[in-house]
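First the structure, in the form of structure tokens, and then the observations on it.
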Amino acid sequence: MKTKPPTRATAAETFARRVLMAVSRIPAGRVATYGDIARLAGRPLAARAVGRIVATASRRGLPYHRVIAAGGALGGYGSAIQMKAALLRAEGTLTRGRRVLEFSSRRWPR
DNA sequence: ACCGTGACGGCGG
DNA sequence: GCCGCCGCCACGG
């Protein structure tokens, strides 16, 4: 019997899959930028696409709050931007205003 | 297949 | 530091 699904994996699915995998690997207490994730997923210029994928991702349990904007800016979190800071703070990543403190040393991967 | 949208990024004013 | 502009990409209607 055929167990092979009728839908072949498109390049976009592969990308999205890699994005989610990369996000899941960000350690607690560390952060990665949308651009970093895009690079890890193999599309260095697709930071914007990463934001879209993460924003519409159905998978729960992934540390989306550890994905921030370039330069250490907090970035977005839908309408719960406030919770993003709270979640980061809960694992030791402090923020001030819209900035993640000690961004350079907390950035992942090194 | 075209077009608008967005949890972005970089540069300029 | 706060806009605005434009380039980049994947996705949905």
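Between the Cα long axis of helix A:81-90 and the first principal axis of chain A there is an angle of about 80°, rounded to the nearest 10. Percent of C-alpha pairs per 5 Å bin in chain A, short distances first: 2, 12, 24, 24, 17, 9, 4, 3, 2, 1, 0, 0.
When only DSSP loop residues count, what trypsin sites (Lys or Arg not before Pro) in the stretch A:49-90 have their Cβ near at most 10 other Cβ atoms within 10 Å? Before the final figure, lay out the partial values.
Working: sites: A:ARG52, A:ARG59, A:ARG60, A:ARG66, A:LYS84, A:ARG89; in loops: A:ARG59, A:ARG60.
The qualifying sites are A:ARG59, A:ARG60.
Since every read-out is calculated from the coordinates, none of them should be taken as a lab result. Predicted, not measured: the structure shown is a model, and the values here were computed from it. When we count neighbours, we look across all protein chains shown, and the Cβ atoms used for this are built from the backbone with ideal geometry, even at glycine.
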